[in-house]
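Student: Dropping a structure here in structure tokens format, bear with me for questions.
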Amino acid sequence: MACSGEDQDGQRRCRDCAEWKPLSDFCSSSKRPSGRGSYFKPCHNDRTRETKQRLYGGTREYHLRRRHGVGEKEFQELLAEQGGVCAICGAAHPQHLDHDHRTGWVRGILCFNCNGGLGQFRDSPMRLARAITYLRGTTWQRALIHPGVYQMCSPTRGRPPSRRF
């Protein structure tokens, strides 16, 4: 089971710490015949963290640049243009950069709840319009149908539910 002369008995030596570990303790890699990378997982994580810090100044900058093509500076400028609040509900200190999932274009900065809400509605204006209609018009109320007996009805339906029991 030797791979380039470095695997022995299902183990590999990490290139960073030089310790022998089971192959299962190494990151996956489709580039190697063994299917495992050169670095023990904690060493791999340390290297990744160090690279993000060295090249991008931190993981937030790396994340923003990789996923959205903007950096922390542009994020702060956009947030200032929005007045420092969520573009939808106005909550202070929003942290989520919202983008159109079809085009990838950045739309604004949202709070956790508003960003998640748009995601739950799959960024569909039609779904959101239906939700608004539902919220505005569907308020179930108790209707007295007999002394001491109530039935729930919705004013948007135009009539109370049938009296079949």
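Derivation of every value follows stated rules applied to the coordinates shown; laboratory data play no part. Keep in mind that this is a model prediction, so the values were computed, not measured. Every residue, glycine as well, gets a Cβ built from its backbone with ideal geometry; the counts of neighbours run over all protein chains shown.
Student: Could I have the simple spin-label model distance between residue 74 and residue 25, label points 7 Å from Cα toward Cβ, reported in nm to one decimal?
Tutor: Inter-label distance under the simple model: 4.2 nm.
Student: What ranking do 135, 110 get, fewest neighbouring Cβ atoms within 10 angstrom at the top?
Tutor: Neighbour counts put them in this order, fewest first: 135, 110.
Student: Hey, another quick one. For the chain, the longest stretch holding no trypsin sites (Lys or Arg not before Pro) located in a DSSP loop with at most 10 other Cβ atoms within 10 Å is which?
Tutor: That would be 32-101.
Student: Stretch residue 132-residue 45 to full length: gain in nm at 0.36 nm per residue minus the Cα-Cα span?
Tutor: My answer for the length gained is 26.8 nm.
Student: Another question, if that's okay. The chain: longest stretch without exposed GluC sites (Glu not before Pro) (DSSP loop, at most 15 other Cβ within 10 Å), sites themselves excluded?
Tutor: Between exposed loop sites, the widest span is 20-165.
Student: Between beta-carbons, use under 14 Å as the cut-off and find the net charge around residue 56, counting Lys and Arg +1, Asp and Glu -1.
Tutor: For residues surrounding residue 56, the net value is +4.
Student: Here is a further query. Arranged by the count of other C-beta atoms within 10 angstrom, fewest first, what order do 132, 109, 88, 145 take?
Tutor: If I rank by nearby Cβ atoms, fewest first, I get 132, 145, 88, 109.
Student: Once the cut-off is 18 Å, how many percent of the Cα-Cα pairs in segment 9-83 end up in the long-distance tail?
Tutor: Result for the distance tail: 55 percent.
Student: Something else now. Pulled fully out, how much extra length does the chain show between residue 122 and residue 81, if you take 0.36 nm times their separation in residues and subtract their Cα-Cα distance?
Tutor: 12.2 nm
Student: What translational diffusion coefficient, to the nearest whole µm²/s, does the chain have by Stokes-Einstein, given a Kirkwood radius computed over alpha-carbon pairs, a temperature of 37 °C and 0.692 mPa s viscosity?
Tutor: Answer from the Stokes-Einstein relation: 152 µm²/s.
Student: Please give the charge dipole size of the chain, origin at the Cα centre, charges +1 on K and R Cβ atoms and -1 on D and E Cβ atoms. Round to the nearest 20 debye.
Tutor: 980 debye
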